[in-house]
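Every number here is computed from the coordinates shown, using simple stated rules; none is lab data. Treat the numbers as computed from the prediction; the structure is a model and nothing was measured. With ideal geometry, Cβ positions are generated from the backbone for all residues, glycine too; neighbour counts draw on all protein chains shown.
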Amino acid sequence: MSKNTKKVFWGFLLFDYKAVNEYLEKMAEKGWMLQKVGRYTAQFKAIEPQSIKFYVDVFPGSVLSADNNQELINYRDLCEESGWIFVDDYYQLQIFFAPSDTSTPIPIQTDKVIEQKIAESKIVKNELLPFTLLLLFYLLIFASDSLNPFQIEYTELLTFIGVTNTVLLPYIIFFNLIIILLMSIWVFRTRKAVKRGIPLPKPNIKIAKIRGTWFYFSFLFIFLIYFISIIGDVISTPITGIIMLFIPLIGVFGGLFLRKYVKNNGLNNKKSIIFVAVSTILIVTIGVVIMIFGIINASVFITKERELPQGYEVMKLDDFYDGNNVVLHRNFDNGNSPLVPTHYDYYEISKKGSIRTEHYQAINSYFAKIIFDGIIEEHDEKLIITNPTDWNADDVVFLDNTGTILILKSNKVVLIDGDFDFSDSNTRNIVLSKLF
């Protein structure tokens, strides 16, 4: 970027398009003329400070209307005949200017009723409707988490994505509510202005900038947190996670590619229509193939035996059979999250019996208690309460029978399930000497 050009954060929401006129005029007075504009940034070039008139209009066509679309060409030609020079567009907003040495150009929109209807129909369709659908989707997720949507599910604490959903979902719902409220207020104000026969309301530049900045940085923050969460789960879930990560990436980049192609070439000929149709089918097919390959890989990974690494506290059949035992099948699985840095599952099976250990180590006792209570809820039909002091723990229960025991001690939760009677003092001593 040379000294004669600069890029700035754009930060305007579509329904604040009326504030863009004044913003661009003030930039021109400071010696900066708009060159290019996108959803997030705008590029300016240095000029002599001067008074330039700008006009931002909502084009009634589709957001995917190609630049060579005849309707769009006729629209821009008509605007130029009225004294306006086209600068750039983003989405359905068309930006024009009138040089300072020209006479006052004819306004592009002279009928406020038509202008309001065009602006409302396009902004509601492209902004309000998607956010409303997203809000309903998030509310459905929030309500379906449990009978009490404000209760934290312990399984959500075991993955990066789960923790992110638990922490960010309320903010995302709030975020969508605010955007919907702002757009609804805009719709109400524009309709009210039309009924009164007064000009459509023009937002204050500073307030419009604050709104846009809050929206885009909130969106960026949410995106980055989810992206980091996905990476975190990918790292803790070997090749399967990496494979599944490609599915949304293919969808995003494929969609952006098709949108750019349509904008540049349009859908006005048979060749373009066939290309877009084939590309869409190809993108979907690739995504489905990757998903199937990921599921197959996951099933192979799950069924494949993994040896127990060093340093993990688990119960083994040899602990009870003094080594006189042949293990026929064993498996180890582990994971981590920001709130539960260590959790793993190990089991062994032999002709004499089986033993499984689930170990959860949370960052503090609060989250350990959530895990403890969550596991109990899954086995609340037959609970046998026992004295936790016998186990040198904070809380202990038998689940279903005395062959399954759940132990809470400080920030650690241990579930042991096997063909043994854990209420027996000798069995208890073996477990205590090994795990506690």
Taking the Cα centre of the stretch 111-236 as the origin, how large is its charge dipole in debye, to the nearest 20, when only Lys and Arg (+1) and Asp and Glu (-1) carry charge on their Cβ atoms? 1220 debye
Give me the aspartates and glutamates in straight-line cross-link reach of residue 6: C-alpha distance below 20 Å, same-chain residues under 8 apart excluded. 22, 25, 29, 48, 88, 89
Alpha carbon centroid spacing (whole Å) that separates the stretch 167-235 from the stretch 346-419: 45 Å
Toward the positive end of the charge dipole of the stretch 111-236, about the Cα centre and with charges on Cβ (Lys, Arg +1; Asp, Glu -1), which of 205, 168, 133 goes farthest? 205
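Can you figure out the FRET efficiency of residue 329 with residue 429, using R₀ = 25 Å and their beta-carbon distance, to the nearest 0.05? Please report the intermediate quantities before stating the final value.
Working: r = 27 Å, r/R0 = 1.09.
In this case the efficiency is close to 0.35.
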Most positive-pole-ward Cα, 422, 372, 339, against dipole of the stretch 318-435 from beta carbon charges: 339
With the cut-off at 30 Å, tell me which of the pairs 7/192; 3/117; 316/369; 351/434 have Cα atoms farther apart than that. 7/192; 3/117
Using a 7 Å offset from the Cα along the Cα-to-Cβ direction at both residue 47 and residue 7, what is the distance between the two label points in nm, to one decimal? 2.2 nm
Roughly what would the spin-label model give for residue 286 and residue 206, points 7 Å off Cα along C-beta, in nm? 4.8 nm
Please give the charge dipole size of the stretch 5-110, origin at the Cα centre, charges +1 on K and R Cβ atoms and -1 on D and E Cβ atoms. Round to the nearest 20 debye. 500 debye
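I want to verify the translational diffusion coefficient of the stretch 111-236 in µm²/s; compute it with Stokes-Einstein, Rh as the Kirkwood radius over Cα pairs, at 4 °C and 1.567 mPa s. Please list the in-between numbers first.
Working: Rh = 17.0 Å.
It diffuses with D of about 76 µm²/s by this estimate.
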Give the Debye-formula value of log10 I(q)/I(0) at each listed q (0.13, 0.16, 0.17 Å⁻¹), with one equal scatterer per alpha carbon of the stretch 318-435, two decimals each. -0.51, -0.78, -0.88
Can you give me the Kirkwood hydrodynamic radius for the stretch 5-110, using every pair of distinct Cα atoms, in Å to one decimal? 14.2 Å
